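Structure record follows, encoded as structure tokens.
The values are calculated or read from the model by the stated rules, or taken from the named source; none is laboratory data. Bear in mind that the values here come from a model prediction, so they are computed numbers and not experimental data. Here Cβ is always computed from backbone atoms with ideal geometry, including for glycine, and neighbour counts include all displayed protein chains. Each accessible area value is taken on the protein alone, full model and side chains, heavy atoms only, with ligands, DNA and RNA left out. Shrake-Rupley method; radii C 1.70, N 1.55, O 1.52, S 1.80 Å.
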Amino acid sequence: MNVKLKKIATRVTSVAASIALYTGIAQADTVLTMNSWLPPTHPQVSELFVPWMADIERVTEGRVKINMLPAPLGPPPAAFDLAKNGVADIAYSVHGYTPGRFKTPMIAEMPFMSDSSVATSVAFWRVHEALLKDAGEYEGVKVLTLFTHGPGEIFSTKPIETPEDISGQKIRIGSALAHSIATDLGAVPVEGPSSKAYELLSQGVADGIFFPFESVNFFNLNDILDYGYTVPGGLYNTAMFVVMNEAKWNSISPEDQALIEPLLGEAFARRAGEMWDKVDAEGRASMEGKIALKAATPEEIEVLRDRLAPIVASQIAKVSETGIDGQAAYDMLFDEIAKIEAEE
């Protein structure tokens, strides 16, 4: 077959595949649109959402399908309202991208939680179901799951041997709690979504960043950053949501809802945690020979615990402002983390 014929055959195959995909979607009883702002190659998309979407289609025998949109309908802070208002059927984002809107997820962003995203994600979901959901922060949507990434650490273009070395550095952060921690350590917080990390660091807008191991690798920061400072359980964490328009969920048949439910909630949170633990391990391995990692000493950890205690207390108080017992939620979170870690 000559080159010209090969090209024609390739085009025919591509068109056929597109027609098959369209036909499959058209034949579904319910087609759900999912807003996505991360690159399609990001593991949260390729290794979490895409297989999960396939499982939704599988368990409903094709009656319910999810179509991930090729381009976002709005920036990450708009994701929740896109789903709530029905612009998209499903959306995900980071709670902290809309400061002040969500208070209860602060429970899952505390320092020193766990080195396992499975533990923090599943524990977060369990606390939400037991206590946090009564705050009513997710009205108008069905919460498909809540989860966290892996432990958040500090990475910088400048040396960090002790917590004091962060003082004066411009650090990109992604949540209100991370902002408070950076400020308390004397850093200058720089706001910006994770997708802007390379730009902020390469242009000198930020000296360093609060990130999990995976994100340093995925956003190609290994060649920009030189130093990392790690704390057992993370210096902070980031809480995320996946939500669906409530009316759209109610439009699905009760029979298909019953088939989909086992793929939501805690099971979805565990799935997210497993993905994050895997890619965090890969991210850490990718730093070898490129980023000098310094682990906090036991003495430094105790200093950090004492120093950050007022911030933790403040976040617990903010959760309590919603009518939830913030201290009970905080205690339950760590109890559940311990249970899950013991099972692993």
Item to check | Projected label distance in nm at R305 and D335, using a 7 Å step from Cα toward the beta-carbon | outcome: 2.0 nm
Checklist outcome for this item: Stretched fully, the stretch from A328 through E61 gains (0.36 nm per residue minus C-alpha distance, one decimal, in nm) 91.9 nm
Checklist outcome for this item: For the K290, V31 Cβ pair and Förster radius 45 Å, calculated FRET efficiency rounded to 0.05 is 0.55
Item to check | Range of Cα positions in the range 198-344 per principal axis (Å), largest first | outcome: 53, 35, 34
Checklist entry - Against the longest alpha carbon principal axis of the chain, how many degrees, from 0 to 90 and to the nearest 10, is the axis of helix 298-320 turned? => result 60 degrees
Item to check | Area accessible to solvent at Y198, 1.4 Å probe radius, in Å² | outcome: 110 Å²
Next on the checklist: Report, to one decimal in Å, the Kirkwood hydrodynamic radius for the range 14-167 based on all distinct Cα pairs.
Outcome noted: 18.1 Å
Checklist entry - Using r as the Cβ-Cβ distance of D115 and E261, and R0 as 22 Å, what FRET efficiency do you calculate, to the nearest 0.05? => result 0.15
Item to check | Share of pairwise Cα separations in the chain, more than 35 Å, in percent | outcome: 26 percent
Checklist entry - Quick one: helix 50-59 against the long Cα principal axis of the chain, what's the angle to the nearest 10°, folded into 0 to 90? => result 50 degrees
Checklist entry - Translational D (Stokes-Einstein, µm²/s) of the range 152-238 at 4 °C and 1.567 mPa s when Rh comes from the Kirkwood sum over C-alpha pairs? => result 104 µm²/s
Checklist entry - Ignoring ligands and nucleic acids, what accessible area does H42 show with a 1.4 Å probe (Å², nearest 10)? => result 10 Å²
Checklist outcome for this item: Here the relative contact order (percent) of the range 21-140, from C-alpha pairs under 8 Å and at least 6 apart, is 24 percent
Item to check | Euclidean distance between Cα centres, the range 250-281 to the range 61-83, Å | outcome: 16 Å
Item to check | Coil-residue GluC sites (Glu not before Pro) of the range 240-315, DSSP, other Cβ within 10 Å capped at 11 | outcome: E288
Checklist entry - Just how many % of Cα pairs in the range 90-200 lie over 23 Å apart, if you round to the nearest whole percent? => result 35 percent
Item to check | Between helix 3-27 and the chain: long-axis angle, C-alpha atoms, 0 to 90°, nearest 10 | outcome: 90 degrees
Checklist entry - Taking 0.36 nm per residue of separation and subtracting the Cα-Cα distance, what length does fully extending D134 through Y198 add? => result 19.2 nm
Next on the checklist: If packing is taken as the average count of other Cβ atoms within 10 Å, what order do 79-85, 231-237, 160-166 fall into, highest mean first?
Outcome noted: 231-237, 79-85, 160-166
